[in-house]
Structure formats: structure tokens, C-alpha cells
1. Being more than 10 Å from chain A (Cβ to nearest Cβ) and either under 18 Å from residue B:18 (Cα atoms) or modelled with pLDDT of 90 or more (or both): is that true of residue B:65 here?
2. Kindly check whether there is at least one residue in the range B:84-105 that is part of a strand (DSSP E or B), within 26 Å of residue B:31 (Cα to Cα), more than 9 Å from chain A (Cβ to nearest Cβ) and touching a residue at least 12 places away in the same chain (Cβ under 8 Å).
3. For the range B:106-204, list the helices (runs of 4 or more DSSP H) that sit wholly inside it and hold at least 3 residues that are under 29 Å from residue B:47 (Cβ atoms) and touching a residue at least 40 places away in the same chain (Cβ under 8 Å); which are they?
4. Considering only residues of the range B:160-179 that are out of contact with any strand residue (DSSP E or B) (no Cβ under 9 Å at 6 or more places or on another chain) and surrounded by 24 or more Cβ atoms within 10 Å (Cβ to Cβ), which is nearest to residue B:115 (Cα to Cα)?
5. Is there a residue in the range B:58-65 that is surrounded by fewer than 15 Cβ atoms within 10 Å (Cβ to Cβ) and out of contact with any strand residue (DSSP E or B) (no Cβ under 6 Å at 6 or more places or on another chain)?
6. Can you pull out every residue in the range B:219-240 that is in contact with a helix residue (DSSP H, G or I) (Cβ under 7 Å, 6 or more places away or on another chain) and crowded, with 23+ Cβ neighbours inside 10 Å?
7. Condition first: out of contact with any helix residue (DSSP H, G or I) (no Cβ under 8 Å at 6 or more places or on another chain) and crowded, with 18+ Cβ neighbours inside 10 Å. Now tell me which residues in the range A:45-58 satisfy that.
8. Is it the case that residue B:86 is under 30 Å from residue B:146 (Cα atoms) and at pLDDT 90 or above?
């Protein structure tokens with residue numbers, strides 16, 4: 001029996017291998033990694049802070065970065081200065097001032113910030129010297145850099161999905177597990193509560209709950225309140241499905257064996273029953289994160305979520321609610337594209353995970 | 001050591017109430033192997049599960065006493081019972097493939113018993129698991145530890161199950177049809193294993209089975225159960241050589257074929 005020791009993969013290792021073979025899903029995975037990376041290290045990747053405004057440059061178009069000088073020689077990247085004038089309709093006109101040149105500086109010190117909230121640092125990836133401004137993706141109404149605000153806004157929009165899902169899934173798994181394991185009256189009671197939450201149309205419940213939160217909350221409190229509100233709505237559906245799975249799981253022999261081992265009910269639910277719902281839960285988690293991102297965006301869009309000057313993709317989009325703005329400053333629609341990109345990536349990954357975690361799906365399509 | 005007295009279990013079946021176990025008396029002495037024999041539906045498994053109060057909620061124990069070392073298991077609170085389950089009294093099930101949780105490795109599942117009922121550290125637990133697997137005759141415990149239940153053969157799984165049952169040094173093992181799914185040679189080995197364990201660990205075994213052959217080889221005493229009642233008890237040899245009840249005779253005839 002010589003030879004290399006046999007290696008055993010468990011279900012999840014096998015699933016991960018299958019996932020790795022799905023190119024589209026892997027691409028989406030890397031896109032998400034990039035987005036989260038940008039958001040986490042937003043201070044480094046952005047030239048300005050989210051509230052760094054310069055009202056002269058209201059709705060400034062994207063700044064062109066030049067790498068050739070007037071003579072056509074390759075130089076280090078630079079931007080020209082901008083002159084703002086008004087036309088006869090009092091619209092802003094932006095003129096390039098060829099005589100003012102500001103080199104784009106890389107890894108320069110700027111405003112101090114803390115990496116991950118701990119390590120103090122001043123280094124920013126790129127910036128231009130004042131009074132020059134670099135608007136990679138244009139500016140908003142107050143002359144704030146849309147690129148910087150987008151990246152900072154990603155912090156809120158991307159994290160709300162993850163944290164919201166974590167909270168609501170914890171609640172959903174525990175309540176569903178308890179209802180399914182005990183059955184009877186406990187089950188009835190918990191399921192009626194679930195139904196109460198599911199009965200109310202989601203967005204109205206969201207609005208009603210938001211109304212309960214005091215208006216004078218600061219941004220962090222609002223952020224937490226939104227997460228709590230979102231998770232409050234999200235758990236019910238999951239709890240119902242988990243409960244159904246637990247009802248059949250509790251009849252399995254290994255649950256009886258676990259009881260014969262002397263485990264407590266809670267230990268049995270958490271250690272022996274819920275792991276069996278994991279392959280479903282992981283898919284459900286992936287597919288429900290977009291819902292949270294969209295809900296936060298919706299709230300912020302109508303002005304009930306994150307408040308100016310703090311950025312989230314939703315409240316950045318709220319500037320794009322007028323036809324005039326969209327016509328003359330189309331770049332303010334960019335946050336919408338990022339929402340779209342993120343939601344699509346999560347959906348593709350969720351679908352791919354379902355393909356590799358759910359054995360029933362393997363029969364279809366390619367073998 | 002364990003004394004079942006007048007155990008009666010009923011189930012509500014629509015309007016009327018059915019009696020599954022009717023006044024069973026069954027004493028199990030120290031270091032004794034007692035066979036509980038009967039056809040399917042005779043209530044033997046129900047009796048076994050009732051000892052640890054593992055019956056599903058539809059089945060009600062309406063009367064009786066189960067005395068274990070001076071403690072009435074039917075009256076003791078759930079929390080205390082959990083300390084007895086797996087530690088003082090453990091179970092071996094018929095189909096280890098179902099009784100093991102498919103998502104955990106063998107060592108995780110044996111380790112669980114140790115974690116709940118002993119104060120061993122992580123490293124000590126690992127050693128103990130390998131020791132236990134050795135005791136039940138598994139030759140390469142290190143590999144088996146890392147395996148999932150479905151990766152083992154039927155005989156190995158049953159051995160691992162027994163290793164789990166003896167992990168916390170129980171005084172009594174309730175073995176419910178422990179060999180029914182094994183072929184004859186494996187049955188013989190498991191019988192051998194139970195015998196040696198009884199001698200080494202000084203434990204008692206309640207052997208629940210329909211197989212009189214198994215009882216003849218293993219049990220010291222036998223109780224024959226029919227329709228929820230014990231119809232005949234006695235020392236194994238005496239009962240099998242000289243059955244007095246018609247049902248026992250019938251069971252014997254089945255074995256002879």
C-alpha cells in the first residue's frame with residue numbers, strides 16, 4: 001500500500017475547487033475584492049477627502065490627465081488649471097488654462113488619516129498641488145471630487161450589505177433552528193412573528209422604522225440604525241426556510257445520537273443541525289447582499305439614509321434626480337453603475353456557488 | 001445497576017391511545033450483558049430509548065421507574081440527565097452511517113463526547129481518540145480520525161461508533177441492533193469486541209436485537225419481548241435450551257432455518 005497519502009476533500013473544499021473553475025464567477029470575485037479594497041483603503045486611493053469641497057468648481061467635468069507636453073514630448077503626467085466663466089445663461093463654462101500646469105504627484109503626503117482606523121498615515125496615492133484640482137470623474141454640485149466620494153461612499157454601501165446580512169442571518173438561523181428543532185407551540189409562535197414581518201411591504205416597513213429613528217442622529221448612528229433596520233426586515237424569510245430544513249433534519253439519526261451523547265438542545269441545533277443548512281445559507285447570503293445594498297441606496301436616494309456630507313452610493317445618486325444635472329453633468333450617474341456592478345457580481349457569485357454547492361444542479365448542463 | 005420497573009409507554013393515535021410498552025420489568029446487573037429480544041414492533045427499541053428519555057414527544061411514559069445507581073431517570077431533571085447521557089449510559093445505534101453526522105470527521109465526533117464529559121485538553125483528547133480507536137480494533141487510527149463517516153467501511157464505522165460509545169467510560173451501553181447491518185464474519189468480530197470490552201472496561205450492555213443467534217453468543221441473560229410485554233426472562237442458556245413461552249419457541253424456529 002505504498003504511494004502518496006490519499007487526500008480527502010470535504011464538501012466545501014470540493015465546492016471551492018468547482019467555483020475556481022467558473023471564470024465569470026472568479027472575475028466577479030476579483031472585481032468585488034478590488035471594490036472592497038478600494039473602499040477599505042479609501043484614504044489612500046483618493047486625492048481628496050469626501051467632504052473636501054470647492055464651490056467654484058461646481059459640476060466640473062472630469063479633468064484630463066496629460067502625458068504629452070505642448071511640444072508632443074512624453075513627460076510625467078500633469079493637469080492644466082481650469083478657469084471658470086459664466087455664459088449668457090449664467091451657466092458655468094470651464095476653460096483649460098494652458099499656462100497653468102500642475103504635475104500629478106504620486107504617494108504624496110496629504111491630510112492625515114488612519115489605516116483601518118488604527119495606523120496613522122498621510123500618504124495618498126496621487127494628488128495635484130493646490131490651487132490645481134484633479135477631478136478624475138468630475139465634480140458634484142459643491143465641487144467635491146466624485147471619484148473620492150464614490151470610493152468613500154463604497155465604505156457605507158459595501159459594508160452595509162455584509163454587516164446587515166450577518167446580523168439578519170444570525171437571527172434567521174437561530175430562530176429558524178429553534179422553531180424547526182422544537183416544533184409545536186414554539187414553532188407556531190415564531191412562525192407567526194415571521195409572517196407578521198413578511199406581511200408588511202418591505203419598503204414601507206423600512207420607511208416606518210426609519211421614521212422611528214431620531215432625526216438628529218449623527219452619521220455613525222444613522223449608519224448603525226440603517227443596518228439594524230435592514231436586518232430587522234431580512235431575517236424572516238430565511239428563518240422560514242431554515243425552519244423547514246430543520247424540521248426534516250431533526251428526524252435524522254445523528255440528532256438522536258447527539259442527544260444520546262448528552263448534548264444540550266442549543267448545542268445540537270448549532271453544531272449538528274445548522275451546518276447542514278450551510279450550503280443553502282451561503283447561497284442565500286450571497287444572493288441577498290444585493291438586496292441590502294439596494295435598500296440602503298434606496299433609503300439614501302430619497303434622503304432618509306446617509307446624510308450629506310457623508311457619502312454613500314445612494315445619496316450620491318440623489319444628485320442625479322434632475323434632468324438638468326444628468327444632461328450637463330452625466331458623470332454623476334457613475335454611482336449607479338457601481339451599484340449595478342456590485343449587485344451583478346454578488347448575483348453571479350451566488351449563482352456560481354449554487355451550481356457547485358447544490359448537487360442537484362450538477363446534473364444539468366455540462367457534466 | 002439499572003432497574004426498569006413497570007415501564008409503560010403509550011402513544012396517542014388519533015382518538016384512541018395505544019400501549020407500546022406495558023409494564024416492563026428488566027434488571028441489568030453489574031458487568032452483565034442482557035439481551036432484549038423481540039420481533040419488530042415489540043417495543044424493544046422504545047424501551048431502550050426510554051432509559052435515556054430519548055423518545056419523541058408523541059410517546060409518553062405513563063408509569064414506571066428506571067432506577068440507575070439509586071437515581072430515578074424518569075424523574076430526574078433534563079440537565080442532570082444530559083450528564084448521564086453519553087457519560088454513564090451511552091448508545092450504539094444500528095446504522096452508524098446515519099448516527100454519525102456526515103459533515104464531521106470521526107475524530108471530531110468522538111472528541112465531542114470527550115469535550116462534554118471529560119476535562120481533557122485538546123491534545124489529550126486527540127491521544128485518547130487514537131487510544132479508543134485502537135481499543136476497538138482499528139489498525140490505523142490516525143487515518144480513520146481524519147476520515148468522514150462515509151469514507152469508512154461498514155465494519156469500521158460500527159467500530160468507530162463503539163469507540164464513541166465507550167469514550168467517556170460508561171457503565172452501561174445500550175446497543176440497538178448493533179450487528180444487524182453487518183455480514184456474518186463482521187458480526188462475529190463485533191461480538192468478540194463487545195466481550196473484550198465488557199471484560200476490560202467492566203461495563204454492562206443492554207443488547208437490543210431480533211437475532212437470537214447474537215444473543216446466544218453474547219448475552220448472559222435474555223428477556224423476550226412480545227407486543228410490549230416481557231414474556232420470558234432468564235439465563236440465556238436456560239431460556240434457549242428450554243423455552244417455556246410459545247413466542248420464544250417461535251423465535252427459535254426462525255433462527256434454525
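The values are calculated or read from the model by the stated rules, or taken from the named source; none is laboratory data. All values derive from a computational prediction rather than experimental measurement. Note that each Cβ is placed from the backbone with ideal geometry, even for glycine, and that neighbours are counted across all protein chains shown.
1. Values: more than 10 Å from chain A (Cβ to nearest Cβ): yes; either under 18 Å from residue B:18 (Cα atoms) or modelled with pLDDT of 90 or more (or both): yes.
Against the criterion (more than 10 Å from chain A (Cβ to nearest Cβ) and either under 18 Å from residue B:18 (Cα atoms) or modelled with pLDDT of 90 or more (or both)), residue B:65 qualifies.
2. Quick first cut of the range B:84-105, residues part of a strand (DSSP E or B) only: B:85, B:89-92.
Checking which are within 26 Å of residue B:31 (Cα to Cα) leaves us with B:85, B:89-92.
If we keep only those that are more than 9 Å from chain A (Cβ to nearest Cβ) as well, we get B:92.
Applying the additional criterion that residues be touching a residue at least 12 places away in the same chain (Cβ under 8 Å) yields B:92.
Taking every residue of the range B:84-105 in turn, at least one turns out to be part of a strand (DSSP E or B), within 26 Å of residue B:31 (Cα to Cα), more than 9 Å from chain A (Cβ to nearest Cβ) and touching a residue at least 12 places away in the same chain (Cβ under 8 Å).
3. Ranges flagged: B:106-117, B:154-165, B:184-201.
4. In the first step, residues of the range B:160-179 are kept if they are out of contact with any strand residue (DSSP E or B) (no Cβ under 9 Å at 6 or more places or on another chain); the result is B:160, B:163, B:169.
When the remaining residues are screened for being surrounded by 24 or more Cβ atoms within 10 Å (Cβ to Cβ), the result is B:160, B:163.
Values: B:160: 17, B:163: 15 Å.
It comes out as B:163.
5. Scanning the range B:58-65 turns up no residue that is surrounded by fewer than 15 Cβ atoms within 10 Å (Cβ to Cβ) and out of contact with any strand residue (DSSP E or B) (no Cβ under 6 Å at 6 or more places or on another chain).
6. Filtering the range B:219-240 for residues in contact with a helix residue (DSSP H, G or I) (Cβ under 7 Å, 6 or more places away or on another chain) gives B:219-222, B:224-226, B:231-232, B:236, B:239-240.
Within the range B:219-240, B:219, B:222, B:224, B:225, B:239 qualify.
7. Residues of the range A:45-58 out of contact with any helix residue (DSSP H, G or I) (no Cβ under 8 Å at 6 or more places or on another chain): A:51, A:53-58.
Scanning the range A:45-58 gives A:53, A:57.
8. yes
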